């Protein structure tokens, strides 16, 4: 027994020694040309691999200095670079027949460079392309039985670990964006079939991305058109730090996103829920105290980097509004054409979001009741949006603001009584908002205890007011001074948080003279009197 045990032990030692010696007997570099050739054929890009070593204990091979060339139309630098590559292989064919069958590929810490032109073309598009596929997309089918020119590479598992992607958009003013700590796993990969894939990554600002779904079959004409179906989750996405929004656009916030997306024939259809905290929606605004939620579905067209918003429900606390329209990402900054509507919006809830829109109320006041209807459009680049439309409100209570007393001498002579609050029974206005300020035309509102007020004016980006108004006051000594012109004129100056309301004395005098002279101007009357005095006419 001892002799048998000794023989077995010797055999085991010999076998272990043989296995340990095999890496020295098999030169991994002899398989490097075959591996480079198969990867080059599958990717449609030259693939270069450094020193290749066989590692039987790990069941594969390891390589250094891996690179995948870029599309020469975009760059002469590599599309992908990595210091190490691990390749899983079938050991038995390798040992017995020196045949390399790849079972898995792991790329560690790769640097990936994605480029988009101003016209919306990507350097990703030509990956996996057949020679001439993009030039002859309508070529005749191959005869029955003819060998396929599609790469036959099939890999059980492809893995990217610790990758970094740099997105470069070649457009004026565009900034490069990055995704770090990219981990990707694709199983049962074959260019001609769908395969499961999962992705996780981090974005600047601390955001995390997770995607799970299927992709394929691979589109050999344009890799960007490869179909996929996936669920995704994005957490703590800083809109500015991530590069999604330019700092000059005046929009910021921390967002999360959950949804589903599917791609077919160059169009990505997405249905998702977007939630954002500390949102600022306009330059000079301050963070909203409550989260903003958006449920949406849209179609994004890869060819021209544009999209159609089919349905979008905007939730501001208990406030609901509907949005639809289009957008274009090919320009820098991005541009939109949106239509926003809402009815019976509760103004106390909406008022909480006014600071985010860079809109202020008179100091110390608040909106404690009322509803609003709005119908506006916003069009143009994000940093120079033009918003136009119509707004209306009913039964608005502006608490802790006495509009009557702000009319100064008017309220003293018209019998208007000061009140601690202001009740606006109805209000309507046409709105035109640009980066240069907000213009309000056809302003009409009725204030309880005062009367009807009409006019127009503007609010500057620094909240300075410049309004010319006219009040049809309810009686008193000055009630008739507006004459046939329809009310007493007054101006609103100062700022939105400290408005200054003054009677327009010049306007009152002008209106009175027009009534006394049958509508003639003061200059005309003075000229006639002077002519008479100089003998140019009868007394």
Note to self: Quick check on the stretch 300-312: of everything there that is assigned to a strand (DSSP E or B) and over 14 Å from the mean Cα position of the chain (by Cα), which residue is surrounded by the fewest Cβ atoms within 10 Å (Cβ to Cβ)?
What the structure shows: 311
Notebook entry, point to check: Of the residues 388, 444, which single one is at pLDDT 90 or above, within 27 Å of the chain's Cα centre (by Cα), surrounded by fewer than 19 Cβ atoms within 10 Å (Cβ to Cβ) and in a strand (DSSP E or B)?
Noted result: 388
Margin query: Looking for something modelled with pLDDT of 75 or more and more than 30 Å from residue 168 (Cβ to Cβ) - is there at least one such residue anywhere in the stretch 77-95?
Written below: no
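Give 63, 146 a once-over and let me know the one that is modelled with pLDDT of 80 or more, more than 31 Å from the chain's Cα centre (by Cα) and over 17 Å from residue 224 (Cα atoms).
63
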Next item on the list: Residues that are more than 22 Å from residue 260 (Cα to Cα): find the strands (runs of 3 or more DSSP E) completely inside the stretch 162-246 holding 2 or more of those.
Entry: 177-189
Next item on the list: Please indicate, with yes or no, whether at least one residue in the stretch 319-330 is part of a helix (DSSP H, G or I) and touching a helix residue (DSSP H, G or I) at 6+ places or on another chain (Cβ under 8 Å).
Entry: no
Next item on the list: Would you point out the residue of the stretch 326-343, among those that are surrounded by fewer than 18 Cβ atoms within 10 Å (Cβ to Cβ) and farther than 23 Å from residue 117 by Cα, that is nearest to the chain's Cα centre (by Cα)?
Entry: 338
Next item on the list: Scan the stretch 259-268 residue by residue and report those that are part of a strand (DSSP E or B) and loosely packed, with under 15 Cβ neighbours inside 10 Å.
Entry: 260, 264
Margin query: Where the second residue is outside any strand (DSSP E or B) and at pLDDT below 90 and the first is outside the structural domain of residue 487 (by TED's automatic domain parsing) and lies in the stretch 443-463, which pairs have Cβ atoms under 9 Å and are six or more apart or on separate chains?
Written below: none
Next item on the list: Kindly indicate whether residue 431 is at pLDDT below 90 and under 18 Å from residue 387 (Cβ atoms).
Entry: no
Checklist line | Looking only at the stretch 24-50, and only at residues there that are at pLDDT below 75 and touching a strand residue (DSSP E or B) at 6+ places or on another chain (Cβ under 6 Å), the one that is farthest from residue 125 (Cα to Cα) | finding: 26
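The values are calculated or read from the model by the stated rules, or taken from the named source; none is laboratory data. Everything numeric here is computed off the predicted structure, so don't read it as measured data. So basically every Cβ, Gly included, is an ideal-geometry build from the backbone, and we count neighbours across all protein chains shown.
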